[in-house]
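So the structure is just underneath, and the comments pick up after that.
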Amino acid sequence: MDNANPQKILGHCPLCHAAYATSEIRQLGEKGPTRLFHCTCTDCGHAVLAVIMETSGNISSVGLVTDLEIQDALRFAELPAVSSDECIAAHRVLEQDSCAWCARLLDKKA
Ligand SMILES: [Zn+2]
């Protein structure tokens, strides 16, 4: 695959529009025509996870603002995906035990 230059596609921070430094665009992974990048803006300090997909000469990209720093993004990129069972279990905990959870959080702050 003839990879498109990520600097051209991910050239600017979507939040403050400052140009990304080349060194702040890091590729986290690649699967088929899809590549995952982490971009850190040196002007405003925000970070974005961006997916670039290139098929038949067409390029599309999607960005997501994240609070993951590059070290965290690299670590999470190697972990297995969250399963649907884990999502359902988290939803149940939040729905059924949210009062107890909040009480515990408030106790810790007190
Ligand atoms: Zn920025």
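Rule-based calculations on the coordinates, nothing more; no lab input. Quantities reported herein were computed from a predicted structural model and do not represent experimental measurements. Positions of Cβ are generated from backbone atoms using ideal geometry, with glycine treated the same way; all protein chains shown enter the neighbour counts.
In the set (1) within 15 Å of the ligand (Cβ to nearest atom); (2) under 16 Å from the mean Cα position of the chain (by Cα); (3) surrounded by 11 or more Cβ atoms within 10 Å (Cβ to Cβ), VAL51 fails one condition alone, (1). One residue stands out in the stretch 10-24 among those that are among the hydroxyl-bearing types (Ser, Thr, Tyr) and in contact (Cβ under 8 Å) with a residue 12 or more places away in the chain: the one that is surrounded by the most Cβ atoms within 10 Å (Cβ to Cβ), namely TYR20. Could you list, in sequence order, all residues of the stretch 3-53 that are over 19 Å from ALA77 (Cβ atoms) and either assigned to a strand (DSSP E or B) or of a type in the set (D, E, K, R) (or both)? Those that are over 19 Å from ALA77 (Cβ atoms) and either assigned to a strand (DSSP E or B) or of a type in the set (D, E, K, R) (or both): LYS8, HIS12, ALA19, ASP43. Annotation: of all residues in the stretch 22-48 being within 15 Å of the ligand (Cβ to nearest atom) and among the acidic types (Asp, Glu), the one that is nearest to ILE70 (Cα to Cα) is GLU24. In a residue-by-residue description of the stretch 29-52, the property of being hydroxyl-bearing (Ser, Thr, Tyr) and at positive phi applies to no position.
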